[in-house]
Each structure stands twice: as C-alpha cells, then as structure tokens.
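Single-structure report; data block below.
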Amino acid sequence: MAKTVRMKNLYEILGLSPKAEFWEIRAAYRARAKEVHPDAGGSNEAFSEVVLAYEILSDDHRRKQYDETGSVDDQGKVILSGAVMIVEGLINGLIQREDAKYVDAVNLMCADISSALRSKIANVDALEKRKHALMDLKDRFRNQSSEKNVLHDILDRKIEALGNAFGAERLAIAQLNVALSILRRYEFVRESRMHEKPVGFVDVSAFGRPVDPLLNTEEFTSKEG
C-alpha cells in the first residue's frame, strides 16, 4: 500500500486557487521554482515542495485524489532517490576518465543534466500537445445511437497511455532538477597539469633530427653545397 503524507496545501505552495487551470499551474510552478531554487537563495526543502506540488496538481488523476483526500503519495522520496541515482551514474562516468582530476567535474555533470532536462522538457511539450489533440479529436466523435461509444473508449485508452508517459517524463524532470541542486552545492578543486605544454608550443623533434635554434640552417646548407 502506498504511503501517504500530509503537508502544506499544494495550491497555497504555488499561490493558486483550487480551480486553477493547467496552464496556470504550469506558469505558477515555473515562477515559484525560480524563486525557491537553491541557486537563487532558496532551500532544497522549499524547492522539493514546489516540485511535488506541480507533480500532483498537473496530473489529473493525482490531483483528483488530492482534492478528495487532502493527502498525496509520498513522491518526495521517489524524487530524491531518483536524483541520487542520476548523480551516482554521472560519478560512475567521471571515474572512468583518466583526466577526471584535471577537469571541472561539477560543471561537466551539471551540463549533462541540463542537456537531459532540455530533452525531457521538449518531450513533455510534445506529449502535452498530443494529448490535447486527442482530447479534441475525441470530442468531435458524436455517437448517434444509444450504444456504447467505441471510438471514445479507444481514444480514452490512448489518452491514458499518453498521460502515463507524461507523468513519467515529469517525474524524470523533477529528479533531474533535484540532482542539479545537489551537485550545485559543491565545487571541484582541479589539479593543475604541471607538464602541460604552453599554447603555441611546437615539438621540433617530431620533424627529424634535433634543431639548434641558433644555427643558421641556410648558411649551413649553402656551405655543404
């Protein structure tokens, strides 16, 4: 049985009315997330609350359950554990690099997460448009008999499948955001490459015998001739 928790009112966290439309929820989430993000001086706890509020209220099924019971599934632990797994995966990739101690590891991992976030957000936007298109299509099929509306049932299944994919992507976005906030608490002390060659250095030995820079090669060549 899923564990449920009671917390602050989700609508109040986002500064919304219980009658808020989806677009209002999304806009409020984006604005509030910027305000409470750890990078903006907020706390991880406040940021996690905002993420959770959005995850619940932007999902029709979970929002209905919350409105009826005032409780939510304990997704906070799911988000955090997923975020830790993401960070662990990035660390596993980092330790495979021979030059790991010479690079800015934190910035590299944050860049990887930011790239993944852009991809997930694009997926969510595409799924959202697809879901609304199917809902619009469903409304256009009017059953002229008293029999069961088969076309509605088919489209409902497709809409539900899109909703599940939509929820999975939003969860991934929440986990990536928390993983990013975890990494940004740290700085990485790089080791200098003591034997790095200066910019513009040319290894003349690569062209054959050693060359004495004080030797006038043109004069030497003319004497030999």
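The values are calculated or read from the model by the stated rules, or taken from the named source; none is laboratory data. If you're wondering where the values come from, they're calculated on a predicted model, not measured in any experiment. Glycine gets a Cβ as well: all are built from the backbone with ideal geometry, and neighbour counts include every protein chain shown.
Listing for the model above:
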| read-out | value |
| --- | --- |
| Answer from L57, L90 - the residue that is under 23 Å from the mean Cα position of the chain (by Cα), surrounded by 13 or more Cβ atoms within 10 Å (Cβ to Cβ) and not assigned by TED's automatic domain parsing to the domain that holds E128 | L57 |
| Pairs with Cβ under 9 Å, 6+ apart, first in region 173-187 and under 13 Å from V78 (Cβ atoms), second modelled with pLDDT under 90 and aromatic (F, W, Y) | A174/Y54; V178/F47 |
| Hey, V106 outside the structural domain of R30 (by TED's automatic domain parsing) and in contact (Cβ under 8 Å) with a residue 60 or more places away in the chain or not | yes |
| Residue check, S119 at pLDDT 90 or above, under 25 Å from E88 (Cα atoms) and of a type in the set (S, T, N, Q) | yes |
| Per-region count, region 139-157, residues part of a loop (DSSP other than H, G, I, E, B) and either surrounded by 14 or more Cβ atoms within 10 Å (Cβ to Cβ) or of a type outside the set (A, V, I, L, M, F, W, C) (or both) | 9 |
| Count of residues meeting criterion [of a type in the set (V, I, T) and surrounded by fewer than 13 Cβ atoms within 10 Å (Cβ to Cβ)] in region 60-87 | 1 |
| Sole residue being surrounded by 15 or more Cβ atoms within 10 Å (Cβ to Cβ), among the acidic types (D, E) and at pLDDT below 90, chosen from E169, E160 | E169 |
| Tally, over region 2-18, of residues that are at pLDDT 50 or above and either in contact with an Asp or Glu (Cβ under 8 Å, 6 or more places away or on another chain) or hydroxyl-bearing (S, T, Y) (or both) | 7 |
| Test: residue in region 91-108 that is in a helix (DSSP H, G or I) and closer than 30 Å to E12 by Cα | no |
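Each row is one residue, and each column tells you yes or no for (1) of a type in the set (K, R); (2) outside the structural domain of V36 (by TED's automatic domain parsing); (3) within 26 Å of I56 (Cα to Cα).
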position: K120; (1), (2), (3): yes, yes, yes
position: A126; (1), (2), (3): no, yes, yes
position: H132; (1), (2), (3): no, yes, yes
position: V150; (1), (2), (3): no, yes, no
position: V178; (1), (2), (3): no, yes, yes
position: E187; (1), (2), (3): no, yes, no
